[in-house]
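Shown next, in structure tokens, is the structure this report addresses.
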Amino acid sequence: MTIPGIGPITVMAFQAFAPPMESFRRGRDFSAWLGLVPRQHSTGGKARLGKVSRMGQRDVRRLMIIGAMSVVRQAVRRGDAADPWLSRMLAHKPIRLVATALANKMARIAWALMTKKESYRVPATA
């Protein structure tokens, strides 16, 4: 619950709907289970990423995107995001796309924290 955008309801949804985190090999697999990764169309060794698949767990994905939208809205209101990645994304991309990308990032962070049994530390800014 210390990750910005993830609250008690989202954590309870993880525990209720998600299989054990150890069953996913990497964060992308967990994010794909949620349906937050882009579809891959690849041929000849060249991967082309498409739209978000939305093929996963609908309820948890919706909670993740709602939490990401709250973080994005807060960053837009303040004018400067605490995360430089988020501020760069907001400068160049539509808000909904940024929220979906942030939800994907939050899901990967949540997977890493749950598998390593650690707590979230705010990244140091340069």
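The values are calculated or read from the model by the stated rules, or taken from the named source; none is laboratory data. Note that this is a predicted model, so its numbers are computed, not measured. Cβ placement follows ideal geometry from the backbone for every residue including glycine, while neighbour counts extend to all protein chains displayed.
Looking only at region 1-18, filter to residues that are modelled with pLDDT of 80 or more and surrounded by fewer than 17 Cβ atoms within 10 Å (Cβ to Cβ); which one of those is farthest from the chain's Cα centre (by Cα)? Applying the filter and picking the extreme gives ALA16.
Taking the stated definitions as given, is LYS117 charged (D, E, K, R), under 15 Å from PRO4 (Cβ atoms) and without any contact (Cβ under 8 Å) to a residue 40 or more places away in the chain? No; evaluated as a whole, the condition is false for this residue.
Select from region 67-126 the residues that are of a type in the set (S, T, N, Q) and surrounded by fewer than 19 Cβ atoms within 10 Å (Cβ to Cβ) and write down the one among them that is modelled with the lowest pLDDT. Looking at residues that are of a type in the set (S, T, N, Q) and surrounded by fewer than 19 Cβ atoms within 10 Å (Cβ to Cβ), I get THR125. Condition first: hydroxyl-bearing (Ser, Thr, Tyr), more than 28 Å from MET12 (Cβ to Cβ) and in a loop (DSSP other than H, G, I, E, B). Now tell me which residues in region 84-126 satisfy that. Passing the criteria: only THR125. Please work out if GLY35 is modelled with pLDDT of 70 or more and either buried (at least 18 other Cβ atoms within 10 Å of the Cβ) or within 24 Å of LEU86 (Cα to Cα) (or both). Yes; evaluated as a whole, the condition is true for this residue.
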